[in-house]
Amino acid sequence: MSLSQFTGLRNTLTFSFKNVLQLNLPSLNAGIQIRERHTKHWKPEFKKLRRLKIQKVKLPNFQEENDMSKLTPDEIRSRMKEQGVLPPRPWTERPILITATGAVFEPYVPPEGDGKLSSLSFGGAKQSVELLSKKSKSMLAVRKIKSYEDNFSTKTFPETAQEIYIKAHKALAEKDYDALHQYVTELSFPIMTFDLRSCTVRWQFLKSLEAPRVVHVRCTDIINKENIFSQVTVRFHTQQTLAVYDRFGRLTYGSEVQAKDVLEYVVFEKHLANLYGQWRIHEKIIPDWMPQREPGRKTYVQPIPEVEPVPAEDTAVAATPAGTTSAVA
C-alpha cells in the first residue's frame with residue numbers, strides 16, 4: 001500500500017467515526033465538551049419496557065435448613081433481614097376478662113311514693129297491681145338463673161343480699177378494699193371509694209323497717225349466647241346511722257347518734273357463666289321523685305388576715321432657741 005492510499009483510508013475512517021460520534025453525542029454538534037455515558041441507549045423512549053424484559057426470580061434453595069430450631073441466632077437474624085420480616089414482639093397480648101357489665105340493663109322504675117303508702121290505701125293497692133303486671137319477664141329471668149344455680153329462690157335471696165349489703169358497707173367504712181372487692185363489682189368500686197379517700201366513715205346498721213324483697217330480675221348475654229349475666233334488684237327499707245369526718249376530724253355529714261330511715265333499691269349482679277361467680281353489689285337506683293339528700297359540709301383553711309402597717313408618727317421635738325423654754329399644753 002502506497003502512502004497516498006494509506007492517507008486516504010485514514011481520512012475516510014476519521015470522517016466516518018466523527019459522524020458516528022456526532023449522532024450519538026449531541027454535545028459535539030454544539031461545540032460543548034460534556035462527559036456522557038457511553039452505555040446510554042440511542043433511543044430511550046422504551047427503556048422501562050426494555051428493563052422489564054429481564055426479571056430476576058429468586059429460586060428456592062432446597063439445600064438450606066428450614067427448621068428454625070436448628071439455626072443459630074445469627075442465622076435466624078440474617079434470614080429475617082433477607083426476607084424483610086420484623087422480629088417478634090417481646091410481650092404477649094393479655095386476654096380480656098369480663099367479670100361485670102358496664103351498666104344496669106332494663107333498670108327497675110320504682111313507683112312514686114313507695115315506702116310512704118300503705119298497701120290498704122288506693123295508691124298502695126295500685127302499686128301492687130302494677131307490680132304483678134311486670135312479673136312476667138322477672139319469672140322468665142328467674143328460670144334462667146335456676147338453670148345455672150339450683151338453690152336460687154326469690155324468697156331466700158333477700159336475706160343473702162342483706163348480708164352482702166352489710167358486709168360491703170362495713171368494709172367500706174373500715175377501708176378494707178381487699179374485702180370490698182368480694183362484695184361489689186368493678187363498676188361500683190370506684191364510685192364508692194372516690195369521695196372517701198381522705199375521710200373517716202362511721203356506719204352502723206340498726207334494723208330493717210320492712211323485710212327486704214326482690215322487685216326486679218333480668219338476664220342478658222354479652223358477646224355470645226353462653227356468656228350470661230344476671231341482675232337482681234332488691235328493695236331495702238332500713239334504719240341506719242352514718243357520720244363522715246374530714247381529715248381534720250370535723251363532722252361534715254350525718255351523725256353517729258341520730259338514726260335515719262333509708263329506702264334503697266340495690267342491684268346485685270352475678271356472672272352466671274362463671275362457675276365461681278358471686279352475687280355482688282352493682283349499682284343503686286335513685287328514682288327522680290326521691291328527695292335530695294342533705295349536702296355535706298365542707299371545711300376550708302381559714303386565711304390569715306392581712307394587717308396593714310400603721311405609718312409611724314413623727315415624734316421629733318422642734319429645736320428651741322437658747323434661753324427659751326417650750327410650753328406644754
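Starting from the range 233-255, take each residue that is within 21 Å of GLU283 (Cβ to Cβ) and in the same structural domain as CYS199 (by TED's automatic domain parsing) and list its partners that are outside any strand (DSSP E or B) and aromatic (Phe, Trp, Tyr), counting only C-beta distances under 9 angstrom and pairs at least six apart or across chains.
Filtered contacts from the range 233-255: THR233/TYR108; VAL234/PHE157; VAL234/TYR165; ARG235/TYR108; PHE236/TYR165; THR238/TYR165.
Checking ASP74 against (1) in a loop (DSSP other than H, G, I, E, B); (2) modelled with pLDDT of 85 or more; (3) loosely packed, with under 11 Cβ neighbours inside 10 Å, which single condition isn't satisfied?
(1)
For residues in the range 79-114 being among the polar types (S, T, N, Q) and touching a residue at least 12 places away in the same chain (Cβ under 8 Å), which is surrounded by the fewest Cβ atoms within 10 Å (Cβ to Cβ)?
Only one residue fits best here, namely THR99.
Count, please, the residues in the range 258-287 that happen to be of a type in the set (A, V, I, L, M) and in contact with a Gly (Cβ under 8 Å, 6 or more places away or on another chain). Break it down stepwise before answering.
Restricting attention to the range 258-287, the residues satisfying the condition of being of a type in the set (A, V, I, L, M) are 259, 262-263, 266-267, 272-273, 275, 281, 285-286.
Among the residues that remain, those that are also in contact with a Gly (Cβ under 8 Å, 6 or more places away or on another chain) are: 263.
The qualifying residues number 1.
Quick grid of which residues meet (1) in contact with a His (Cβ under 6 Å, 6 or more places away or on another chain); (2) surrounded by fewer than 19 Cβ atoms within 10 Å (Cβ to Cβ); (3) without any contact (Cβ under 8 Å) to a residue 40 or more places away in the chain:
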{"residue": "ALA161", "(1), (2), (3)": "no, no, no"}
{"residue": "GLU186", "(1), (2), (3)": "no, yes, no"}
{"residue": "PRO190", "(1), (2), (3)": "no, yes, yes"}
{"residue": "ARG202", "(1), (2), (3)": "no, yes, no"}
{"residue": "ALA211", "(1), (2), (3)": "no, yes, no"}
{"residue": "HIS216", "(1), (2), (3)": "no, no, no"}
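So which residues in the range 163-200 are over 22 Å from TYR265 (Cβ atoms) and assigned to a strand (DSSP E or B)?
Of everything in the range 163-200, just one residue is over 22 Å from TYR265 (Cβ atoms) and assigned to a strand (DSSP E or B), namely THR200.
The values are calculated or read from the model by the stated rules, or taken from the named source; none is laboratory data. Quick caveat: nothing in here was measured; it's all calculated off a predicted structure. Every residue, glycine as well, gets a Cβ built from its backbone with ideal geometry; the counts of neighbours run over all protein chains shown.
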